[in-house]
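Here's the structure, in structure tokens; my notes come after.
The values are calculated or read from the model by the stated rules, or taken from the named source; none is laboratory data. These numbers come from a predicted model, not from an experiment. Cβ placement follows ideal geometry from the backbone for every residue including glycine, while neighbour counts extend to all protein chains displayed. When the accessible area is computed, the model is the full protein with side chains, heavy atoms only, and any ligands, DNA or RNA have been set aside. Shrake-Rupley method; radii C 1.70, N 1.55, O 1.52, S 1.80 Å.
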Amino acid sequence: MVKKDVTYLSNAQYARLLGVISEERGRLILQVLYETGCTVNELVNIKVSDVDFEQNIIKFPSDNTKTHRSRVSHVSKRLIETVDNFVKPGLLYLFSTRQSGQITTKRVRQLILAFSKRAKLTKVTPQIIRYTHIAHALRKRIPLAAIQKQVGMERLRMVQIYEVLVPEEKENAYDKFWLDE
């Protein structure tokens with residue numbers, strides 16, 4: 001079995017991508033993708049009622065997830081405040097459109113690609129934003145099980161694949177083992 005390379009953005013690249021987006025909705029789409037680590041399908045199905053403004057979480061009901069298991073993703077207070085300011089009365093979906101009740105996955109992909117071109121980055125997709133969340137969480141030493149819950153991966157093994165993104169963690173892991181000697 002051949003391992004494929006996992007593409008993700010560095011902190012600087014993510015900041016540059018976010019920095020080129022002036023539209024409120026576009027910025028919020030990118031921030032929700034990044035902070036929750038959700039899939040594009042999960043993103044377009046977020047209802048306003050799925051956002052818990054008190055506990056800073058976004059709920060993903062089982063019928064909207066790839067694993068068919070409900071989960072919650074913890075997000076920053078700053079993001080919750082941004083969502084609160086963005087939401088208009090009467091909206092069912094967080095990302096609604098005039099033409100239909102919710103934005104499409106195709107449209108989200110188009111927006112992310114357009115933003116990446118604006119930021120002069122190679123082709124960025126919602127999946128790359130998901131990988132970026134996982135890579136950044138690993139670099140911040142978030143436990144694998146916590147990342148697994150946050151992004152909704154069914155098997156811990158799937159998250160472990162991303163450990164290749166932080167090889168220095170493995171190299172230094174045994175330094176802690178020998179500290180007592």
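Below is a table of values for the structure above.
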read-out: Spin-label model distance (nm) - Asn85 vs Ser22, 7 Å beyond Cα toward Cβ; value: 1.7
read-out: Cα-based shape type of region 33-79, given that a ≥ b ≥ c are square roots of the gyration tensor eigenvalues and the cut on a/c is 1.5; value: prolate
read-out: Solvent exposure of region 37-120 as accessible area per residue, Å², 1.4 Å probe; value: 59
read-out: Gyration tensor (alpha-carbon) shape descriptor, region 78-118, a/c threshold 1.5; value: oblate
read-out: Rh (Kirkwood; distinct C-alpha pairs) - region 58-155, Å; value: 15.7
read-out: Whether region 1-76 is rounded, prolate or oblate, judged on the alpha carbon gyration tensor where a/c under 1.5 counts as rounded; value: oblate
read-out: Stretch gain in nm, segment His68-Thr104, where the contour uses 0.36 nm per residue and the Cα spacing is subtracted; value: 11.0 nm
read-out: Relative contact order (percent, whole number), region 21-93, Cα cutoff 8 Å, 6+ residue spacing; value: 31
